[in-house]
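Notes follow once the structure below has been shown.
Computed from the coordinates by the stated procedures, all read-outs in this text should not be read as laboratory data. None of the values given here were measured: they were computed from a predicted structure. When we count neighbours, we look across all protein chains shown, and the Cβ atoms used for this are built from the backbone with ideal geometry, even at glycine.
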Amino acid sequence: QQQVKQSPQSLIVQKGGISIINCAYENTAFDYFPWYQQFPGKGPALLIAIRPDVSEKKEGRFTISFNKSAKQFSLHIMDSQPGDSATYFCAATDTGTASKLTFGTGTRLQVTL
Amino acid sequence: DTGVSQNPRHKITKRGQNVTFRCDPISEHNRLYWYRQTLGQGPEFLTYFQNEAQLEKSRLLSDRFSAERPKGSFSTLEIQRTEQGDSAMYLCASSLGNLIWDTEAFFGQGTRLTVV
């Protein structure tokens, strides 16, 4: 089964700091890489996504960096806020297979005051 | 609310009983997905529909599981003879797509199943 490996499992960052979560994939057919944010008791919500034709995408405080040759991508959260405390999942899919997402195992982020 | 709606939100059942969950996707979305999420893990794909056709099933979907989307609108996921290992959050997602492109998948809030 295709895998997406995610690290770290948990992360504690001070308010105003930078949170960095890393993912690596194996399937070279993957062509869409979203990040989801999940709060306790809620479903995952799309945060930001990237396709492999660009190396970086920024939306507000959230940036995805993508390294196609290394098959790695990462999420950077700038100026982390307590409201960012949640579990973050990277995912990947081959859009030719109808966006069947393969998720990483998740990173539990805690932003402290 | 025009998002993906799942019912019930929580279900506690005794081992061996049958349970059924419902998902109402975003109205114009033709694709509907079911995922299962266990504690501390990412969601795992179970099955998906394009309109009323069930096009793919994961090997995670044992023969005790059945999903339907009778008119290409809402979907049901039934688990027969539940086992304790079925305890998980069952997530539904929907998107709009064809062979060439697909929109992002929007997830519902999930149905948390506890088998006792």
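A few points about this structure:
- Proxy reagent accessibility, fewest Cβ within 10 Å first, across A:M78, B:M89: A:M78, B:M89
- Size of chain B as Cα extents on the principal axes (Å, biggest first): 42, 29, 27
- One way to sum up the overall shape of the protein assembly as shown is the equivalent ellipsoid from its Cα gyration tensor, whose semi-axes run 30, 21, 16 Å, largest first.
- Projecting the Cα positions of B:A88, B:C23, A:S55 onto the charge dipole of the protein assembly as shown (unit charges on Cβ atoms of Lys, Arg, Asp and Glu, taken about the Cα centre) puts B:A88 furthest along the positive direction.
- Gain upon complete extension [B:E56, B:R22; 0.36 nm per residue less C-alpha separation]: 10.4 nm
- Binned Cα-Cα distance frequencies in the stretch A:1-78 - 10 Å width, integer %: 16, 51, 29, 4
- Net charge dipole size for chain A [Lys, Arg +1 and Asp, Glu -1 on Cβ; Debye, nearest 20]: 160 debye
- Förster-model FRET efficiency, 22 Å R0, A:K68 and A:Q3, C-beta, rounded to 0.05: 0.80
- Ranked B:S62, B:S75, criterion: other C-beta atoms within 10 Å, fewest first: B:S62, B:S75
- Ordering A:L11, B:L39 by the number of other Cβ atoms within 10 Å of each residue's own Cβ, fewest first, gives B:L39, A:L11.
- Cβ charges +1 (Lys, Arg) and -1 (Asp, Glu), total dipole of the protein assembly as shown, debye: 620 debye
- Computed label-point distance, nm, for sites B:S73 and A:R61 using a 7 Å Cα→Cβ extension: 4.1 nm
- Pairs from the table (A:K71/A:K100; A:K71/B:K71; A:K5/B:K71; A:K100/B:K71; B:K11/B:K71) lying more than 29 angstrom apart at Cα are A:K71/B:K71; A:K5/B:K71.
- The modelled label-to-label distance between B:E104 and B:Q80, using points 7 Å beyond Cα along the C-beta direction, is 3.9 nm.
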